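Values quoted throughout were computed directly from the atomic coordinates according to the rules given, and no laboratory measurement underlies them. Because the structure is predicted, anything quoted here is derived from the model rather than measured. Note that we place each Cβ from the backbone using ideal geometry, even for glycine, and neighbour counts take in every protein chain shown.
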Amino acid sequence: MANIIKEQQHILEKLRIEKLNAMQQDAEIAINSNNNIVLLSPTGTGKTLAFLLPIIKELDVDCVDVQALIIVPSRELAIQIEQVTREMGTGFKANAVYGGRPFSKDKIELNHLPAILIGTPGRIADHLRRGTFSTKNITTLVLDEFDKSLEVGFEEEMKEIILALPKVNKRILTSATQALRIPKFVGLSNPITINYLKEESEETPLLKIKTVVSPTKDKLETLVKVLCHIGNEPAIVFCNFRDTIEMVSDFLTENKIGHGCFYGGMEQKDRERTLIKFRNGTHQVIVATDLAARGLDIPEIKYIIHYQLPLKLDEFTHRNGRTARMNAKGTAYVIQWEKEKKSEFTPDDEIEILKNKPKPKTSNWETLFISGGRKDKISKGDIAGLFLKQGKLSNDELGIIELKQDCAFVSVPVSNANELIKMLNNTKLKNKKVRITTI
């Protein structure tokens with residue numbers, strides 16, 4: 001499949017869209033970082049593009065089977081999604097199937113299987129019964145306007161379809177109305193919810209801002225106590241300057257608290273690897289400048305820590321925007337020296353009394369680098385096979401795999417890392433000898 005254009009900017013240019021809206025940006029981060037997502041947003045806000053962009057990003061160019069299945073309640077919506085997908089000009093085939101047209105026409109179009117198949121419940125179920133396409137490589141399931149697709153009239157067909165998809169590991173549900181109860185057979189586990197509906201309850205503020213008073217001006221000991229207080233939870237520690245980050249990083253290292261750093265002076269490769277380690281759990285903490293306040297591809301986090309407050313209110317707002325967006329709640333801690341003047345950014349915040357807790361546990365995960373990627377025709381399945389079969393890992397021991405154009409990263413248990421490198425370094429993946437090292 002030659003000349004596939006997957007770069008987001010090229011797609012947006014083809015669609016004549018200047019940039020993604022806030023909902024689409026949040027959806028992209030969530031879908032890239034999580035396996036169960038509920039997206040609630042009004043009609044006309046661009047939900048289709050919001051889920052298509054991250055789905056296309058993960059498609060395997062070499063796979064000849066259907067990889068993503070999008071189920072919709074109406075033929076009009078099926079046609080609309082098919083059209084948007086084709087207008088994106090990615091080179092991946094997409095087809096819509098629905099009732100009201102000859103089944104023979106479907107069969108002709110599906111003779112060469114699409115990477116993305118869109119359809120109504122009745123027609124999709126019919127194709128599955130007839131064995132028109134294989135489900136062995138369908139790893140993504142989208143239920144668009146799921147409140148309608150899961151109505152009683154479709155329930156039996158939806159059950160039939162979902163039971164026929166054993167390899168699905170990512171589920172995306174979208175709706176323009178407040179969610180109904182989601183049946184268990186959908187298989188949604190601990191979903192991340194993105195809610196852009198005006199009906200969203202505002203009784204409880206999503207973000208709580210709390211002040212932590214430090215007895216010392218350098219605030220380093222207090223920072224460690226805050227990290228102990230929140231426990232083993234992902235957090236970003238914001239600083240204003242590179243020198244401050246280096247000082248904080250050295251102190252955290254001395255206290256054996258695993259972390260990554262993220263600031264403008266770092267090499268792009270190193271910044272990307274910081275985020276990879278954060279996403280896969282090798283690090284629970286990032287120490288960063290305001291560069292990390294906007295647009296990063298990281299999961300939703302519960303805690304923001306302001307080691308230093310920014311100079312402008314909008315930067316304070318963007319920092320805090322890393323939390324309390326996709327989950328119900330988030331907390332931002334402001335560490336303030338006891339003799340420091342109170343900031344105008346936090347007039348009504350409360351004082352947090354820190355509990356004496358042990359230091360966060362060292363991560364059980366290590367990140368390994370693999371010197372081959374998409375351009376070498378290597379897939380995540382190939383990497384999984386290498387580590388599960390030759391590396392003799394169990395499914396639970398194989399962590400997140402991130403596949404890039406020319407390399408890949410995989411998280412494995414720390415206790416297995418060195419042995420895996422000895423066993424697998426310089427082995428072949430898709431006829432390419434690859435190096436495997438720690439990063």
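A few comments on the model shown:
- Every helix of 4 or more DSSP H residues in the chain counts as -39500 (n - 2.57), and over all residues that averages to -9000 deg cm²/dmol at 222 nm.
- Rounded to 5, the percent of DSSP beta bridges in the chain classed as antiparallel: 25 percent
- Note on the chain: the C-alpha convex hull projects to 22.9 nm² when averaged across all orientations.
- As a proxy for reagent exposure, Thr346, Thr427 were ordered by neighbouring Cβ count within 10 angstrom, fewest first; the result is Thr427, Thr346.
- Our estimate of slack between Asn169 and Gln83, defined as 0.36 nm per intervening residue step minus the Cα-Cα distance, is 28.4 nm.
- When the Cα atoms of region 8-195 are aligned to their principal axes, the ranges along those axes come out at 41, 37, 28 Å in descending order.
- Relative to the longest principal axis of the Cα atoms of the chain, the long axis of helix 121-130 makes an angle of roughly 60 degrees.
- Taking the C-alpha atoms only, the angle from helix 22-33 to the longest principal axis of the chain is near 90 degrees.
- Footprinting exposure proxy ranking of Ser415, Ser33, Ser214, fewest other C-beta atoms within 10 angstrom first, gives Ser415, Ser33, Ser214.
- Normalised per residue, the volume of the convex hull around the Cα set of region 158-257 (Å³): 200 Å³
- FRET efficiency estimate (nearest 0.05) - Cβ-Cβ, Lys136 to Lys217, R0 41 angstrom: 0.10
- Helix 220-230 and the long axis of the chain differ in direction by around 40°, with both axes built from C-alpha atoms.
- Semi-axis lengths, Å, region 96-162, gyration tensor of Cα atoms, sqrt of 5 times eigenvalues: 20, 14, 11
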